[in-house]
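The values are calculated or read from the model by the stated rules, or taken from the named source; none is laboratory data. Note that this is a predicted model, so its numbers are computed, not measured. Because the Cβ atoms are built from the backbone with ideal geometry, glycine has one as well, and the counts that use them run over all protein chains shown. Ligands, DNA and RNA are stripped out before the accessible areas are found, and what is left, the full protein with its side chains, is counted by its heavy atoms. Shrake-Rupley method; radii C 1.70, N 1.55, O 1.52, S 1.80 Å.
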Amino acid sequence: MELNYAQYILDQLIPGSKATQLKVAKGGLINETFFLDTTNESYVLQKINKSVFKNYNRGLENIITVKNWLASTDFPYHFPTPIGDKYLEINGEVFRLQPFIHNSISYDSISNQEQAQEASSCLGLFYRALHKKPASSSLHLTIPNFHSGNFRLYQFSEAVKSAHKPRKARSKKLIKNIENHKQQLIDFDSINKMLPTRVVHNDTKISNFLFDKTSKKVSALIDLDTLMPGTVISDIGDMIRTYSNTLNENATDFDNVFANKEVINQIIDSFCSQAILSKEEKDQLKFGGRAITLIQCLRFLTDFLNNDIYYKVDYSDQNLDRAKNQWVLYNSLLIE
Ligand code: GN1
Ligand code: MG
């Protein structure tokens, strides 16, 4: 994107503001993100991927609903939402502008226990603040089956059927391995049916918690496109998946990928010290880590078999490598 295009967007949202610099932000496998500076303020400008977020207007309604709910609580973190509570549609493309959180930084993997503790208590406070909110009647299910084991297995088996030979051949072993673990995902669906419906973020990876560069504390919870009704194991599961991994999900040094158990205990302790959970929910938190990691493995492999139509890739085997990384991590999560 050019600076003058960002200026054009800015003119419609904050008239009189002057864009001075636009930089591409790395990270995020779906939307396009930029840092936009003006003479007075800094912003995050995003182009939304309409083929993934088909119901982006309903997604925006979810964001505003949750923002309003949080505003009446003492949730102590920034929750950056689109300026003007709106998206801009320009020539079939959809954009939003959000405030940049001053002095913040995001990480792809954690480098110490405190970061896991910080992010998990932030999420715990999010759950506490939204505890009694009517998630199922007030929030739209914008991506149906997002964390459905059955649906992900179906997409996977369709991809296996239609994949081109070379990609299928390179995935052969992993396909077989995953097929032997299908039951985990069937169990995941049954457990989800038993648990209470809550306001779920659905993308609690470490890079979606901004840290303050000076205090090293979490300052904001970001990336709200998947706010939907769901269950706690999706969120705790994605935390376990991304924080316990000693390397990040793009690492290809598979021998060194494993789940750090101390980090998992830290996540659960810090989260549970803030969130109000039932016994049934508490009992399933670790299982959530295994199931979400397996689902992510399946999703990366499915996309590899589909010729990378969903996740952005930097090289041709990247989705296969990501799937292998998640498979190794999943196996280490199975060891108690
Ligand atoms: C996607 O775009 P990003 O990086 O925020 C994905 C998540 C995955 C994640 C893996 C809507 O999130 O579910 O966990 O990649 N989001 C969607 O890094 O599919
Ligand atoms: Mg996301």
Check your understanding: Take the residues of segment 208-229 that are more than 9 Å from ligand 2 (Cβ to nearest atom) and hydroxyl-bearing (S, T, Y): which is nearest to the chain's Cα centre (by Cα)?
Key -> S219
**Study point:** Filter result for the condition that a residue is among the small types (G, A, S) and free of Cβ contacts under 8 Å to residues at least 40 places away in the same chain, over S120, S111
**Key:** S111
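Taking the options L185, L221, name whichever one is in contact with a Cys (Cβ under 7 Å, 6 or more places away or on another chain) and modelled with pLDDT of 95 or more.
On the way: L185 fails: in contact with a Cys (Cβ under 7 Å, 6 or more places away or on another chain).
Exactly one residue qualifies, and that residue is L221.
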Check your understanding: Which one of these does I309 not meet: (1) open to solvent by 50 Å² or more (accessible area, probe 1.4 Å); (2) touching a residue at least 40 places away in the same chain (Cβ under 8 Å); (3) within 25 Å of N55 (Cα to Cα); (4) of a type in the set (A, V, I, L, M, F, W, C)?
Key -> (2)
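Inside segment 231-273, can you point out the residues that are among the charged types (D, E, K, R) and open to solvent by 50 Å² or more (accessible area, probe 1.4 Å)?
Our first condition is that a residue be among the charged types (D, E, K, R); within segment 231-273, this holds for 235, 238, 241, 249, 253, 255, 261-262, 269.
Within segment 231-273, D253, D255, K261, E262, D269 meet the criteria.
Of the residues S171, S215, S219, only one is more than 16 Å from ligand 1 (Cβ to nearest atom), part of a strand (DSSP E or B) and either open to solvent by 20 Å² or more (accessible area, probe 1.4 Å) or in contact (Cβ under 8 Å) with a residue 12 or more places away in the chain (or both); which?
None of the others qualify; the one that does is S219.
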Exercise for review: Would you mind stating whether L139 is touching a Pro at 6+ places or on another chain (Cβ under 6 Å), within 17 Å of D223 (Cβ to Cβ) and buried (at least 16 other Cβ atoms within 10 Å of the Cβ)?
Suggested key: yes
Revision key, fill the gap. Of the residues in segment 74-101, those that are under 23 Å from M1 (Cβ atoms) and in a loop (DSSP other than H, G, I, E, B) number 9
Practice item. Look at S207 and say whether it is within 15 Å of ligand 1 (Cβ to nearest atom), open to solvent by less than 10 Å² (accessible area, probe 1.4 Å) and within 30 Å of E32 (Cβ to Cβ). Key: no
Review point. Do you know which residues across segment 187-207 are of a type outside the set (G, A, S), away from ligand 2 (no atom under 16 Å from the Cβ) and part of a helix (DSSP H, G or I)?
Key: D187, F188, D189, I191, N192, K193, M194
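Condition check ((1) modelled with pLDDT of 95 or more; (2) farther than 16 Å from A220 by Cα; (3) touching a strand residue (DSSP E or B) at 6+ places or on another chain (Cβ under 9 Å)) across all residues:
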site: Q21; (1), (2), (3): yes, yes, yes
site: V24; (1), (2), (3): yes, yes, yes
site: G27; (1), (2), (3): no, yes, yes
site: N49; (1), (2), (3): yes, yes, yes
site: L60; (1), (2), (3): yes, yes, yes
site: D74; (1), (2), (3): yes, no, no
site: P99; (1), (2), (3): yes, no, yes
site: I105; (1), (2), (3): yes, no, yes
Exercise for review: May I ask you to list the residues in segment 4-33 that are away from ligand 2 (no atom under 16 Å from the Cβ), among the hydrophobic types (A, V, I, L, M, F, W, C) and either in contact (Cβ under 8 Å) with a residue 60 or more places away in the chain or surrounded by 14 or more Cβ atoms within 10 Å (Cβ to Cβ) (or both)?
Suggested key: A6, I9, L10, L13, I14, A19, L22
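Being under 24 Å from V232 (Cα atoms) and without any contact (Cβ under 8 Å) to a residue 40 or more places away in the chain is the filter here, so list the residues in segment 142-161 that pass it. Don't jump to the end; show me each part of the working.
Residues of segment 142-161 under 24 Å from V232 (Cα atoms): 142-155.
If the condition is that a residue be under 24 Å from V232 (Cα atoms) and without any contact (Cβ under 8 Å) to a residue 40 or more places away in the chain, then P144, N145, N150, F151, Y154 are the ones that fit.
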Practice item. Take segment 52-96 and flag every residue that is open to solvent by less than 80 Å² (accessible area, probe 1.4 Å), of a type in the set (S, T, Y) and more than 17 Å from the chain's Cα centre (by Cα). Key: T65, T73, Y77, Y87
Check your understanding: In segment 312-329, what residues are open to solvent by less than 50 Å² (accessible area, probe 1.4 Å) and touching a residue at least 60 places away in the same chain (Cβ under 8 Å)?
Key -> D317, Q318, L320, D321, R322, A323, N325, Q326, W327, V328, L329
